[in-house]
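Shown next, in structure tokens, is the structure this report addresses.
The values are calculated or read from the model by the stated rules, or taken from the named source; none is laboratory data. Please read these numbers as outputs of a predicted model, since none were measured by experiment. Neighbour counts are summed over all protein chains in view; Cβ atoms, including those assigned to glycine, are modelled from backbone coordinates with ideal geometry. Note: accessible area is taken over every heavy atom of the protein model, side chains too, but ligands, DNA and RNA are not part of it. Shrake-Rupley method; radii C 1.70, N 1.55, O 1.52, S 1.80 Å.
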Amino acid sequence: MGTLRESLGERLRRSPLVLPAAALLVLLLVNVVVTPGFLALRVVDGHLFGSVVDILKNGAPTALIALGMTLVVATRGIDLSVGATVAIAGSVACTWIAGASDPTDPGTALVGIVLALGLALVLGAWNGLLVAAFGIQPIIATLVLMTAGRGLAMLITDGQIITVANPLFAELGGGFLLGLPVAVVVAAVMFAAVALLTRRTALGLLIESVGVNPTASRLSGVRARGIVWGGYVFAALCAGVAGLMISSNVTAADANNAGLWIELDAILAVVIGGTLLTGGRYSIGGTLLGALILQTLTTTVYTAGIPPEVSLVFKAAVIIVVFLLQAEKVRALLHRRRPVGERVATP
Amino acid sequence: MPEPVVAMRGIEIGFPGVKALDGVDFRLLPGEVHALMGENGAGKSTLIKALTGVYGLDGGTVTVRGEPAVFSGPAAAQAAGIATVYQEVNLCPNLSVAENILLGREPRRPVWQGGRIDRRGVRRRAGELLARLRLDVDPDSALGEHPLAVQQLVAIARAVDLEADVLILDEPTSSLDATEVAELFRIVRGLRADGVAVLFVSHFIDQVYEIADRVTILRNGRLVGEHLVAELPRLDMVAKMVGHELAVLADLDREPAAEVAGDPTVTPVLAARGIGRGGAIEPADLDVRPGEVVGLAGLLGSGRTELVRLLFGADRPDAGSLQVRGRPVRLRGPHAAVAEGIAFCSEDRKGEGVVGDLTVRDNIVLALQARRGWARRIPRRTADELVARWISALDIRPADPDALLRNLSGGNQQKCLLARWLITEPRLLILDEPTRGIDVGAKAQIQQLVAELAGDGLGVVFVSAELEEVVRLSDRVAVLRDRRKVGELPRADASVGRVMELIASGGGHLA
């Protein structure tokens, strides 16, 4: 029997990152052509400005949520409740700050942030409980919080849009750190932390193993439930941070609209990044690319002057092209071969 | 000699890096049962898939009833009268037996009455078919309620209704017990008498001698030969499959661990007292001492698997207690058992063992990594050394740690799973049907390994449906029947005959 290892070219062709990276590159090129100054960066007061910086900053919340979603999807799950968690986290922080004796004090902002993230962790633990301990299907289990969560946020804000004027809190969404927007720095740190944690520890292996075959993993001594649970808790934490970024950016909490449909964008980013919804192999880098593609697409719609009434159709068209190029059958057609999956070696 | 209904000539099929079939000829005559034999990876399944159009041919021709035939897939093959029943039943468990038999071909009401499915007609026609096969199954019952054996027979009934004149049975017996196999063979003989050509793939040599008229043997994708079964002695058949004389099969008797087997002064590595679970297994006692192989014998459904799952904490017992090396323990799950040095290879290799999309390396280190915890990753170099050592020790092929496990043959997957456990240096190894569905060569290697491991002081629980295998390997054989442990035989008394007596009578001297 010959080697089953693929050649380098074959690997590159099948690498999940090549396609999203190419798609992002094409999108950026389109922008450069349409808007000549697209790549230009300006430094004002030591802060970096420019279209690319805007894409990073506006895309940070979605990218963060997609990061958490990746780990959930890798273990065969899905989390529809992250949008609601975004709303709840913003509501908790803003309501606390607005109601405090000194709404502009940095300490107040810190307590608000801790409260919001703490509640996000509790919500994640709730999702994990339903899925990992009670065995409820993830899409149903997280639908509960998706629906109820916005109601909870409304209760917290009393149905009002709560505006705050706390300088420290405003930094999270609008401030700069080391010349970059704080939101970008926070997202980058979290991405780096997850990438490092999954590679340097065995978490990556255990997550993939649970995603590929949960029963076999459990029978090998992997604490599969704990890993699934952890995924939901982390996804909720990411959503909490994203919620703080979003509410800080507008210095207000909007229980109805903050993070609305963001779960779908996050899932889209994960899938564009090459992680299969059936679980198993996942790609943190792919997710990052996916989120950037989505945000660049949105920006392109504005900068290219595409009429708002066709902008969603334009987005959909681009996404369909990306997915078609990723589909095994289409790739096989392009390479004039039968699908690889059907021709593995003898069983 | 009648005209072959199927003739395949010079079939070639290649996969990336592998030549799966290399100029194979094959013919199938009407009214015969033709066995296809070979080790895992010999190309049996590939040949079937070449015939039914699952794979395109890289070379060679297929003729059906004298006409050249190229099928675009199994459906096209079926339309041409070639039906396949796979090892895993490909039917819908939620539909009724009748609906499954006639799925896609249901009798319909006349168009002027709406053209809908004629439910009564479905039931009647299915009933007729079942009666023809003398199968006592309620056509209205849901397929999923029935044991796998019945589901397989229903799949055959479906093929019969297609009026197929070629019936391919791909390892139909691997999960059936003796009576179920007899039932299957009765039906196959009836079909043969009706002139159907039956292609039968199996690992069980006894069954081939029982049912088949002719046998084609493949090895490494090449044709070894076609023989009349009656004219081919068993040892010759095995030798042709493996390619060399298999002295190891004849010479597997091992020195019994007589000094510890049953010696109450040696602390058992695992002692179960009255352990049971409602609906799965009645409370039972079992001791396993270091260096001892304890066999579990019993028919399918006798509670063998259920018992060992309790010993590993895979299921929670609702009665009894466990002691590990004299210390009472409560296993809160497999991870607790692994921490106690217990290892367990499930009978369901594909569903509960293999993590197919991960590499051989990741699969082998999985249990050890799980025991160390996620924070203490096994350094890459240590992992590479361990994996390389076990790949060569167990002769895993291909010897490529980066190959995905799902691309390996069944026997090699099983060796990887054994490596996954041996790497953890367990004190007790529970093997549930470790040799099921794997080829003769790998089987002998695994049996040899079990004997060696016990020689090194490991306690082994060995479960197998093949009584000969259990008796040959075990120091003690515990016999189960109807979810109850009915007796225990020391090595001196254990013979296939005695074990069968115990299974049949349900009595015996309880240990």
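Points worth noting:
- Residues whose placed amide H lies under 5 Å from that of residue B:69, excluding near-sequence neighbours: B:62, B:63, B:64
- Principal-axis tilt of helix A:262-272 within chain A, Cα atoms, nearest 10 degrees: 30
- Comparing A:327, A:60, A:187 in a Gaussian network model of chain A where C-alpha atoms under 10 Å apart are linked, the largest mean-square fluctuation is found at A:327.
- Solvent-accessible area lost on pairing B with A (1.4 Å probe, both sides summed) amounts to about 3600 Å².
- Neighbour net charge for residue B:480 - beta-carbon separation under 10 angstrom, K R +1, D E -1: +2
- Rounded tilt (10° steps) of A:138-157 against the dominant C-alpha axis of chain A: 10
- Antiparallel bridges, percent of DSSP beta bridges restricted to the protein assembly as shown (to nearest 5): 60
- Between residue B:128 and residue B:388, the contour length at 0.36 nm per residue exceeds the Cα-Cα span by 87.8 nm.
- With a Förster radius of 45 Å applied to the C-beta separation of residue A:325 and residue B:92, the computed FRET efficiency comes to 0.85.
- Shape of chain A, Cα gyration tensor, a/c cut at 1.5: oblate
- In a simple Cβ point-charge model (Lys, Arg +1; Asp, Glu -1; nothing else charged), region B:6-243 has a dipole of about 660 debye relative to its Cα centre.
- Beta bridges from DSSP with both residues in region B:6-243: antiparallel share about 60 percent, rounded to the nearest 5.
- Note on the protein assembly as shown: with charges restricted to the Cβ of Lys and Arg (+1) and Asp and Glu (-1), its dipole about the Cα centre is near 1280 debye.
- Members of A:329/B:350; B:350/B:485; A:329/B:49; B:19/B:240; B:350/B:415 lying beyond 22 Å, as alpha-carbon distances in this model show: A:329/B:350; B:350/B:485
- Taken over the Cα atoms of region A:147-219, the convex hull encloses 162 Å³ per residue.
- Distance in nm between pseudo-label sites at residue B:376 and residue B:210 (7 Å out along the Cβ direction from Cα): 5.1
- Distance from region B:387-451 to region A:41-63 (C-alpha centre basis), Å: 54
- Alpha-carbon centroid distance for the pair region B:1-68 / region A:204-236, whole angstrom: 42
- Approximating the spin labels as points 7 Å out from Cα along Cα→Cβ, the residue B:140-to-residue B:75 distance works out to 3.2 nm.
- Taking a ≥ b ≥ c as the square roots of the eigenvalues of the alpha carbon gyration tensor, region B:6-243 is prolate, as a/c is not under 1.5 and a/b beats b/c.
- Whether the protein assembly as shown is rounded, prolate or oblate, judged on the alpha carbon gyration tensor where a/c under 1.5 counts as rounded: prolate
- Put simply, the amide H of residue B:225, placed in the peptide plane, has neighbours under 5 Å in B:217, leaving out anything fewer than 5 places away on its chain.
- Computed about the Cα centre, the dipole magnitude for region B:350-425 is approximately 240 debye when only Lys and Arg (+1) and Asp and Glu (-1) carry charge, each at its Cβ.
- Low-density loop positions, trypsin sites (Lys or Arg not before Pro), region B:83-180 - DSSP coil, at most 14 other Cβ in 10 Å: B:105, B:116, B:134
- Among beta bridges that DSSP assigns inside chain B, antiparallel share in %, nearest 5: 55
- If you wrap chain B in the convex hull of its Cα atoms and look at it from every side, the mean projected area works out to 26.6 nm².
- Accessible area per residue, Å², chain A with all protein chains present, probe 1.4 Å: 45
- Note on residue A:306/residue A:15: beta-carbon distance plugged into 1/(1 + (r/R0)^6) with R0 of 30 Å gives a FRET efficiency of 0.45.
- Residue A:136-residue A:188 pseudo-label distance in nm [points 7 Å out on the Cα-to-Cβ vector]: 4.0
- Here the Debye sum runs over all C-alpha atoms of region B:350-425 as equal scatterers in vacuum, and log10 of I(q)/I(0) at q = 0.14 Å⁻¹ comes out as -0.37.
- Annotation for region A:150-176 versus region B:275-328: alpha-carbon center distance of 58 Å.
- Farthest positive-ward along region A:49-305 dipole, Cα basis, beta-carbon charges - from A:221, A:58, A:74: A:221
- Multiplying the residue separation of residue A:25 and residue A:201 by 0.36 nm and removing their Cα-Cα distance gives an extension gain of 60.2 nm.
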